[in-house]
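The values are calculated or read from the model by the stated rules, or taken from the named source; none is laboratory data. Quantities reported herein were computed from a predicted structural model and do not represent experimental measurements. Glycine also receives a Cβ, built like all others from the backbone with ideal geometry; neighbour counts cover every protein chain displayed. Surface accessibility is based on the protein's heavy atoms, side chains included, excluding ligands, DNA and RNA. Shrake-Rupley method; radii C 1.70, N 1.55, O 1.52, S 1.80 Å.
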Amino acid sequence: MSTAEPPTDLMERIVALAKRRGFIFPSSEIYGGLNGFFDYGPLGVELKKNIRDCWWNDMVRRRDDIVGLESSIIMHPKVWEASGHVAGFTDPLVDCKVSKQRYRADQLFFAPVVVRKGLEVEETKTTKSIAKEGFTSTDTEATSTQIKTEDEIIGYVSVLESENTKGELQSAAEALKRKRAAKGELLPLKIRDFTEARLEEITLIPSPATGEPGSLTPPRAFNMMFETYVGALRDDSAKSYLRPETAQGMFVDFKSVVDTGRVKLPFGIAQIGKSFRNEITPRNFIFRSREFEQMEMEYFIHEDADWDKCHKEWIEWCRQWLLSIGLPESHLSLYAHPKEKLAFYSKGTVDIMFKYPFGVQELWGIAARGNYDLSQHAKASGKPMEIFDEATKKKFVPHVIEPAVGVDRILLAVLCAGYAEEDVKDEKGNVEKRTVLRFSPRLAPVKVAVLPLVKNKPELVARAEALYKNLKRKYAVFYDESGAIGRRYRRQDEIGTPWCVTIDFETIEMDGTFTLRDRDSMQQKRIHEAELFALLEEKVY
Ligand code: GAP
């Protein structure tokens, strides 16, 4: 944005632009949409394909140690039993019995609201005094007022997780204190998520939907896999699942790849494909949806290899790759999962986080998973997953490092980081607004727009069309001859086209050069066709 602080409705503006310019639509919109599902329009599908292609080229084609795979979306149900998904791919679900809303317990935050009251207490003290002469004593009584404090829970507040969970709970607590006309000091809130609520607290915590306590159920495990039936029968014997991750394909096909692919440790198997999760609360546009696309790679290493070094190398590789597609370094950070929250077989997981307008969130997870997955499938299928070590003459099950990222999450990050609104001057010097998407040339859905200055000069139009045809053989280009040139530039800025070329009178009457306008600097210069191709060759790879 041109202003230092992004507007509070930045996300709404991005969603509106994505729809207006044909990047992303709600799925089945004419029927009211389906929560957690989205369609990619003409520009969105190009942007998404460019993300996939960049990843595939850099991850698979430009490396000698990684091969590709495309496994089926529906696999044998035993795959998901062995992987642990049938028993454990769950999120904690909470129902509101009144509103019928459902929440993820770990995204529902609450706190008891405690008020500290000062109470005036009268204290009577008795002092004994003994007369100097003789042995008689007298009791003297003195009354004084003391302030004692007492803490009282005046109720509970709850909110759904947001980038300002703490602030929202604080406001709710202050509102509750006013409503109850409670006197005294509000103590700092002790915030917990609903999975940590004690049974006796559950009836006291208000539902975020109604604001009233008493309607929330205790959390229960909800399996997120979509079930389906394979074949004509509709009983348990035919039950299968839409895959919730692409990774299991790489484990299940591990032996086939080793036996046919001439691969040697360390090596990786990569896959891009759709995954499905029946998320309890899909949200933040395409950030958490129910149908999404993953790009995952399983990097197999020797059981004695330095897994920590390899893990770190992959974290850095992923970070560098995100920079190579134009995400700003300032928006990236790392989050190491605490040891006590890791699965028993996991050696470590680090997430690359991205600063989205709705908060810093996971973009890419890089996990060191030991040999858990291969061992599980070996056990369940009875097929060995070992590799023979020539040096030690021993067989072993390789360990794995797994970088796993969502295409849609990258696309959203690219949209959010690239979006800007700026004040610019038009040809007459008037200030106007321009909305621009600063996509890297690698990802931009349209690389070049070809614009004849006028459309009623056949020679000029013929030259523009010839250039357009030449470019189109290799690049996604756009031809536009309608409207004032300034307006045509704005239209391209809004869809993130890095360059516009304008064919003008000089092109046909002089040296054949045309103007090249840069989206970000808005500077123009004259270049020859060969220079344009050289520029594209360098920037679009
Ligand atoms: N095989 C490991 C695995 O699937 P994950 O952390 O559950 O790990 C990997 O998912 C990545 O897939 C995430 O970092 C995220 O980018 C993406 N992802 C996961 N769930 C998603 C959802 N519901 N919507 C969009 N992307 C999702």
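Counting just the residues of region 420-445 that are in contact with a helix residue (DSSP H, G or I) (Cβ under 6 Å, 6 or more places away or on another chain) and within 12 Å of Asp520 (Cα to Cα), which one comes out modelled with the lowest pLDDT?
As a first pass, look at region 420-445 and keep what is in contact with a helix residue (DSSP H, G or I) (Cβ under 6 Å, 6 or more places away or on another chain): 426-427, 434-439, 441-443, 445.
When the remaining residues are screened for being within 12 Å of Asp520 (Cα to Cα), the result is 434-439, 441.
On the way: Arg434: 94, Thr435: 97, Val436: 97, Leu437: 98, Arg438: 98, Phe439: 98, Pro441: 98.
In this case the residue turns out to be Arg434.
In region 406-454, which residues are open to solvent by less than 20 Å² (accessible area, probe 1.4 Å) and either at positive phi or within 16 Å of the ligand (Cβ to nearest atom) (or both)?
Gly406, Val407, Asp408, Ile410, Leu411, Leu412, Ala413, Val414, Leu415, Cys416
Of the residues that sit in region 332-353 and are in a strand (DSSP E or B) and either of a type in the set (D, E, K, R) or exposed (fewer than 15 other Cβ atoms within 10 Å of the Cβ) (or both), which one is nearest to the ligand (Cβ to nearest atom)? Can you show your working first?
First, pick out the residues of region 332-353 that are in a strand (DSSP E or B): 332-336, 348-353.
If we keep only those that are either of a type in the set (D, E, K, R) or exposed (fewer than 15 other Cβ atoms within 10 Å of the Cβ) (or both) too, we end up with 333-336, 351.
Details: Ser333: 14, Leu334: 13, Tyr335: 11, Ala336: 14, Asp351: 7 Å.
The residue in question is Asp351.
Do the conditions hold for Val98, that is, is it touching a helix residue (DSSP H, G or I) at 6+ places or on another chain (Cβ under 7 Å) and either open to solvent by less than 40 Å² (accessible area, probe 1.4 Å) or modelled with pLDDT of 95 or more (or both)? Working first, answer last.
Values: touching a helix residue (DSSP H, G or I) at 6+ places or on another chain (Cβ under 7 Å): no; either open to solvent by less than 40 Å² (accessible area, probe 1.4 Å) or modelled with pLDDT of 95 or more (or both): yes.
The answer is no for Val98.
Six or more apart or on different chains, Cβ atoms under 8 Å: show the pairs whose first residue is in region 177-198 and under 30 Å from Phe222 (Cβ atoms) and whose second is of a type in the set (Val, Ile, Thr) and in a helix (DSSP H, G or I).
Cβ pairs passing all conditions: Ile191/Thr165.
Here's the yes/no breakdown for (1) part of a loop (DSSP other than H, G, I, E, B); (2) closer than 21 Å to Leu17 by Cα; (3) open to solvent by 40 Å² or more (accessible area, probe 1.4 Å):
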residue	(1), (2), (3)
Ala466	no, no, yes
Tyr489	no, yes, no
Asp520	yes, yes, yes
Lys525	no, no, yes
Leu536	no, no, no
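Select from region 322-331 the residues that are touching a strand residue (DSSP E or B) at 6+ places or on another chain (Cβ under 9 Å) and buried (at least 16 other Cβ atoms within 10 Å of the Cβ) and list them in ascending order.
Result: Leu322, Leu327, His331.
State all residues of region 385-403 that are touching a residue at least 24 places away in the same chain (Cβ under 8 Å) and either open to solvent by 20 Å² or more (accessible area, probe 1.4 Å) or away from the ligand (no atom under 14 Å from the Cβ) (or both); if no residue qualifies, say none.
Start the filter on region 385-403 by keeping residues that are touching a residue at least 24 places away in the same chain (Cβ under 8 Å), which leaves 385, 387, 389, 396-403.
Answer for region 385-403, where residues must be touching a residue at least 24 places away in the same chain (Cβ under 8 Å) and either open to solvent by 20 Å² or more (accessible area, probe 1.4 Å) or away from the ligand (no atom under 14 Å from the Cβ) (or both): Met385, Ile387, Asp389, Phe396, Val397, Pro398, His399.
Between Ala209, Ala173, Ala197, Ala181, which is out of contact with any strand residue (DSSP E or B) (no Cβ under 8 Å at 6 or more places or on another chain) and of a type in the set (A, V, I, L, M, F, W, C)?
Working: Ala209 fails: out of contact with any strand residue (DSSP E or B) (no Cβ under 8 Å at 6 or more places or on another chain); Ala173 fails: out of contact with any strand residue (DSSP E or B) (no Cβ under 8 Å at 6 or more places or on another chain); Ala197 fails: out of contact with any strand residue (DSSP E or B) (no Cβ under 8 Å at 6 or more places or on another chain).
The match here is Ala181.
Which members of region 269-288 meet the condition of being near the ligand (Cβ under 8 Å from one of its atoms) and within 13 Å of the chain's Cα centre (by Cα)?
From region 269-288, those near the ligand (Cβ under 8 Å from one of its atoms) are 275, 277, 279, 282, 286-288; that's our starting set.
Correct list: Pro282, Ile286, Phe287, Arg288.
Would you point out the residue of region 1-39, among those that are exposed (fewer than 15 other Cβ atoms within 10 Å of the Cβ), modelled with pLDDT of 95 or more and hydroxyl-bearing (Ser, Thr, Tyr), that is nearest to Gly418 (Cα to Cα)?
Ranking the candidates gives Ser28 first.
Can you spot a residue in region 354-371 that is away from the ligand (no atom under 15 Å from the Cβ), open to solvent by 10 Å² or more (accessible area, probe 1.4 Å) and within 17 Å of Ala247 (Cβ to Cβ)?
yes
List the residue pairs whose Cβ atoms are under 8 Å apart, where the first residue sits in region 289-317 and is free of Cβ contacts under 8 Å to residues at least 60 places away in the same chain and closer than 22 Å to Asn57 by Cα, the second is within 14 Å of the ligand (Cβ to nearest atom) and part of a helix (DSSP H, G or I), and the two are 6 or more positions apart or on different chains.
That search, which allows pairs on different chains as well, returns nothing.
I'd like to verify a number: residues in region 289-312 that are within 16 Å of the ligand (Cβ to nearest atom) and either of a type in the set (Asp, Glu) or surrounded by fewer than 21 Cβ atoms within 10 Å (Cβ to Cβ) (or both), how many? Let's see the steps before the verdict.
Step one: list which residues in region 289-312 are within 16 Å of the ligand (Cβ to nearest atom), which gives 289-300, 311.
Restricting the remaining residues to those that are either of a type in the set (Asp, Glu) or surrounded by fewer than 21 Cβ atoms within 10 Å (Cβ to Cβ) (or both) gives 290-291, 293-294, 296, 298.
Residues meeting the conditions: 6.
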